[in-house]
Amino acid sequence: MANNEDQFKKVVSHAKEYGYIFASSEIYDGLSAVYDYAQNGVELKKNIREYWWRSMVYMHQNIVGIDSAILMHPTTWKASGHVDAFNDPLIDNKDSKKRYRADVLIEDYAEKIYQKAQKEIEKAKVRFGESFDEEQYCATNERVVNYLAENRRILERMGKSLGNEDLADVKALIDELGIADPETGSKNWTEVRQFNLMFGTKLGASAESAMDLYLRPETAQGIFVNFLNVQKSGRMKIPFGIAQTGKAFRNEIVARQFIFRMREFEQMEMQFFVRPGEELKWYEYWKETRLKWHLSLGMGEENYRFHDHEKLAHYANAAADIEFNFPFGFKELEGIHSRTDFDLKAHEKFSGKKLQFFDPELNESYVPYVVETSIGLDRMFLAVLSNSLQDETLEDGSVRTVLKLPAILAPVKAAVLPLVKKDGLPEIAQKIIDELQWDYNVIYDEKDAVGRRYRRQDAAGTPFCITVDHQTIEDNTVTIRYRDTMEQERIKIEEISEKMKETISYKNWLSE
Ligand code: GAP
């Protein structure tokens, strides 16, 4: 995947052209960092959600799902620490009047240094060929050692300053590194300040009686406040998990990079409740399990890496991100956090209700510890979309734009195409659709020459095209064309569904 701005622009315009994503309220010039999912986008998003849900809930007998409300009692956010501590460190440029997240400016700077090391490594790989030992090279090549050490030093210092709430040192670091406004190059910065990210709203009709509420900034708290309800009604035994997907809202200041950082987005979260003292074992388990889930989609092992947090959130005793190689570089896709007993204890304190589990094996009650996995659905969508979009040069020199979505996630699984709009071929195509649509989202397309239709489906990401031609009338066969290889095969109409199942089966994908 090209790691550049052009590729990213292509992804954004392709998303619009092929009905994946539109800017919200576009006829009014849109709303910054808010997006709508279009006819194909909604399907891809639903399929990613389903892929996650099946692996988390159906494949784990000790995990159940819930769907809690977006609006919650306001004390929830006092207890969780979001009212006091859900802040971003902001810095303004005095010349451009642009506002940035100070930590993002520093991280971007550190990433550039990391990329320099990567470039050296890539060059050496080519130079040394088979005999290349990457680990040894990283430990001994002076330039690479220095780049990696500098990258670490910067991130560690930032983590420490943020952890100590030493915003003056964050500013000092920006000055020392000579970080400039990315848009104007100016280094004329204000001090760094904290800014709360929650959206406020009101409940109630009259101004006097209205209650101040927040739109939830994470779905996790809906799980914590329901911990005992689920445990008791489901007779769950520790360790067990509660999963949920749903909208979250954050008043992001630096909202950019399309659907990477949005103000209204969707999370897929799972809280895993464990015995105190066992949390780090489960933390490692979930790190590994979640990475496997990503790898099962076949989007390239080299496109993922772990990033262990230097600066831990107020609730965590260990945390890591799974980062993905987006067109703008490696960035956080998913977080795995060992959240201790912070949340349940805080809700006990603020609600006055016990949130404990009686462990029959230990014969004692305790507040469980929690390991959380939290992935942004929209971010996953962007990872899938950007990784799948490819321009391929064919043997005849022409370029084919193809969206090589993992077939299990593709919005439309097959397009059924009559070769011509007459001779009874459309009727046969419709019959095929009538049968397939019980199991798959399939579409009918009869417009344009069949070659153009193939290209249209390639660009939309449809894994199969099924063409009905005159031979179909004679022997009940069709051609099935595979998006990725463009190979075609003649099969019986009754075999289509089985053929598709070979490629589109949760069992095959999730057990990869
Ligand atoms: N419950 C823990 C939690 O919310 P987080 O790291 O703040 O942790 C988890 O968010 C995931 O949610 C991130 O890894 C990211 O994928 C997604 N996410 C967070 N903020 C987002 C935003 N503004 N737009 C899109 N996705 C976002």
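Cα centroid separation, region 345-374 to region 270-318: 21 Å. Rg and Dmax over the alpha-carbon atoms of region 82-152 stand at 18.1, 55 Å.
Extension gain for Glu278-Glu348 works out to 23.1 nm (0.36 nm per residue, less the C-alpha to C-alpha distance). Taking packing as the residue-averaged number of other Cβ atoms within 10 angstrom, the listed peptides 193-200, 382-389 run from highest to lowest as 382-389, 193-200. With the simple model of a label 7 Å out from the Cα in the direction of the Cβ, Asp439 to Asp84 spans 5.7 nm. Taking 0.36 nm per residue of separation and subtracting the current Cα-Cα distance, fully stretching the chain between Ala449 and Lys492 would add 13.2 nm. Kirkwood radius for the chain, taken over all pairs of different Cα atoms as the inverse mean of 1/r, rounds to 25.8 Å.
Ranked by the mean number of other Cβ atoms within 10 Å of their residues, highest first, the peptides 222-228, 24-30 come out as 222-228, 24-30. Between Glu183 and Ser96, the modelled labels are 0.7 nm apart [label points 7 Å from Cα along Cα→Cβ]. Per-peptide packing, taken as the mean over residues of other Cβ atoms within 10 Å, places 459-470, 93-104 in the sequence 459-470, 93-104 from highest down. Positive-end ranking of Ile432, Val399, Pro418 along the dipole of region 394-435, with charges on Cβ about the Cα centre, is headed by Val399.
Cross-link reach is defined here as a Cα-Cα straight distance under 12 Å, omitting same-chain residues fewer than 8 places apart; for Lys499 the aspartates and glutamates meeting it are Glu489. Go through Lys160/Lys331; Lys94/Lys116; Lys413/Lys447; Lys16/Lys413; Lys78/Lys247; Lys46/Lys247 and tell me which ones have a Cα-Cα distance over 24 Å in this structure. Violating the 24 Å limit, Cα to Cα: Lys94/Lys116.
Which FRET efficiency value, to the nearest 0.05, do you get for Glu502 and Thr201 by plugging their Cβ-Cβ distance into 1/(1 + (r/R0)^6) with R0 = 51 Å?
Here the calculated transfer efficiency is 0.55.
Between Val42 and Asp67, the FRET efficiency estimated from the beta carbon spacing at R0 = 30 angstrom works out to 0.95. Taking a ≥ b ≥ c as the square roots of the eigenvalues of the Cα gyration tensor, region 101-255 is oblate, since a/c reaches 1.5 or more and a/b is not larger than b/c. If you plug the beta carbon distance of Asp108 and Asn146 into 1/(1 + (r/R0)^6) with R0 = 22 Å, you get a FRET efficiency near 0.70. Under the simplified labelling scheme, the Thr75-Ile27 pair shows an inter-label distance of 4.6 nm, with each label point 7 Å from Cα along Cα→Cβ.
Only DSSP H runs of four or more residues enter the estimate; each adds -39500 (n - 2.57), and after division by the residues of the chain the mean residue ellipticity at 222 nm equals -11500 deg cm²/dmol.
Compared with the direct C-alpha span, the chain from Ser209 to Glu156 gains 14.3 nm at full extension, assuming 0.36 nm per residue.
Coordinate-derived values only; no laboratory data. Remember, predicted model here, so these are calculated numbers, not experimental data. Because the Cβ atoms are built from the backbone with ideal geometry, glycine has one as well, and the counts that use them run over all protein chains shown.
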